[in-house]
Amino acid sequence: MKRKIVFATNNAHKLEEVAAILGEEFEVLGLRAIGCTADIPETSDTFAGNALQKAQYVKEHYGYDCFADDSGLEVDALDGAPGVYSARYSGGGSEENMSKLLYNLTGKSERGAQFRTVIALLIGEEPRYFEGIVRGTIIGERRGEGGFGYDPVFAPKEAGGLSFAQMTAEAKNAISHRGRATKKFAEYLLKEETGK
Ligand code: ITT
């Protein structure tokens, strides 16, 4: 029997990415699958704080073992912005967020940036945290059709100039912030839960 675990997200892309990394042993349920339509508060100014808030909400209201992540883009020349505000950076959607980012970097030669993910896992009382980072650069224009969010303007340093949006989902997962955090998390979960 597959072990059920809830991933407190509404983002179908993220659900697919994580389910692929966790593999056969686990059935990963998103918020929709457990009937949760609440807009779970994310009021912390850290990734870890927001991830824990989401996991705690599900555990308290639905009783499931749960994990949640919070991720964002941290741009060196903008002192780490948009950071925890990545989704809400412009007040619009991904297109507007990328436009605002490129505008704010106009004329700046420092293009370094990183995506960071923190996963909070709540199985027992004590939360556990897993972090993943991928470094890269913000390119001057959008490239590629894949992925989501800021993917068209982020070129990871391992990918020879391709943006995340130009990579296959597998290639992105192999080096991404979420992929790295999820691998650490999956190793822990598989060892603790299945003894592997
Ligand atoms: P949930 O809160 O429902 O999980 P979300 O889309 O808000 O979904 P995050 O909090 O993890 O996801 O990420 C915040 C934003 O950071 C997200 O909306 C994107 O704009 C950006 N982001 C995170 N991971 C990304 C990735 O792999 N590629 C591109 N942008 C990403």
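For PHE148, state whether it is assigned to a loop (DSSP other than H, G, I, E, B), more than 19 Å from LEU105 (Cα to Cα) and among the aromatic types (Phe, Trp, Tyr). Answer is yes for this residue. Would the stretch 105-127 turn up any residue that is among the hydroxyl-bearing types (Ser, Thr, Tyr), open to solvent by 10 Å² or more (accessible area, probe 1.4 Å) and either within 12 Å of the ligand (Cβ to nearest atom) or assigned to a helix (DSSP H, G or I) (or both)? No, every residue in the stretch 105-127 fails to be among the hydroxyl-bearing types (Ser, Thr, Tyr), open to solvent by 10 Å² or more (accessible area, probe 1.4 Å) and either within 12 Å of the ligand (Cβ to nearest atom) or assigned to a helix (DSSP H, G or I) (or both). Residue under question is ILE133, and the condition is that it be farther than 24 Å from THR46 by Cα and at pLDDT 95 or above; does it hold? Judged against the criteria, ILE133 is not a match. Of all residues assigned to the stretch 74-81, at least one qualifies as being free of Cβ contacts under 8 Å to residues at least 40 places away in the same chain, farther than 21 Å from ALA20 by Cα, assigned to a helix (DSSP H, G or I) and aliphatic (A, V, I, L, M). Just so you know, in the stretch 139-163 the residues that are among the aromatic types (Phe, Trp, Tyr) and open to solvent by less than 20 Å² (accessible area, probe 1.4 Å) include one that is farthest from the ligand (Cβ to nearest atom), and it is PHE154.
Residues in the stretch 1-45 that are in contact (Cβ under 8 Å) with a residue 60 or more places away in the chain, at negative phi and assigned to a loop (DSSP other than H, G, I, E, B): ALA8, THR9, ASN11, GLU25.
The values are calculated or read from the model by the stated rules, or taken from the named source; none is laboratory data. If you're wondering where the values come from, they're calculated on a predicted model, not measured in any experiment. Neighbour counts run over all protein chains shown; Cβ positions are idealised from the backbone, glycine included. For the accessible areas, the whole protein counts, side chains as well, though only heavy atoms, and no ligand, DNA or RNA atoms are used. Shrake-Rupley method; radii C 1.70, N 1.55, O 1.52, S 1.80 Å.
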